[in-house]
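Data block below; observations after.
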Amino acid sequence: MKVEKIEYRLRWKHFKIGESFFVPCLDHDTAKEEISKEAKKWKMRVLAKGVVEHGLKGLRVWRI
């Protein structure tokens, strides 16, 4: 999965319901689209919200 020109390798098959990950990014809408596309490939539902963590803007993504 590529977000803002950075390639992320996630272990989607090990991503369990209730778990989350953080992706630093400035353009939340584009990042959400990329994450949603990848989640659909794995037939997963995710929720992504814009957050600031440790001074970094990004998305927190939960599997639901």
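The values are calculated or read from the model by the stated rules, or taken from the named source; none is laboratory data. None of the values given here were measured: they were computed from a predicted structure. All Cβ positions, even for glycine, are placed from backbone atoms using ideal geometry, and neighbour counts span all protein chains on display. For accessibility, only protein heavy atoms count, side chains too; no ligands or nucleic acids. Shrake-Rupley method; radii C 1.70, N 1.55, O 1.52, S 1.80 Å.
Per the helix-only calculation at 222 nm, which mean residue ellipticity applies to the chain, given -39500 (n - 2.57) for every DSSP H run of n ≥ 4 and division by its residues, nearest 500 deg cm²/dmol?
Per the formula, -7000 deg cm²/dmol.
What part of the accessible area of the stretch 16-64, given as a whole %, is carbon or sulfur when the probe is 1.4 angstrom?
C and S atoms contribute 54 percent here.
Mind checking the per residue accessible area of the chain for me, 1.4 Å probe, whole number of Å²?
That works out to 76 Å² per residue.
For the chain, what's the radius of gyration and Dmax over Cα atoms, in angstrom?
For the chain, the Cα-based Rg and Dmax read 11.0, 32 Å.
With everything on Cα atoms, drop me the angle between helix 28-41 and the longest principal axis of the chain, reported from 0 to 90° to the nearest 10.
10
Sticking with the crude label model, points 7 Å out along Cα→Cβ, report the distance from LYS37 to GLU4 in nm, one decimal please.
Label-label distance for LYS37 and GLU4, simple model: 1.8 nm.
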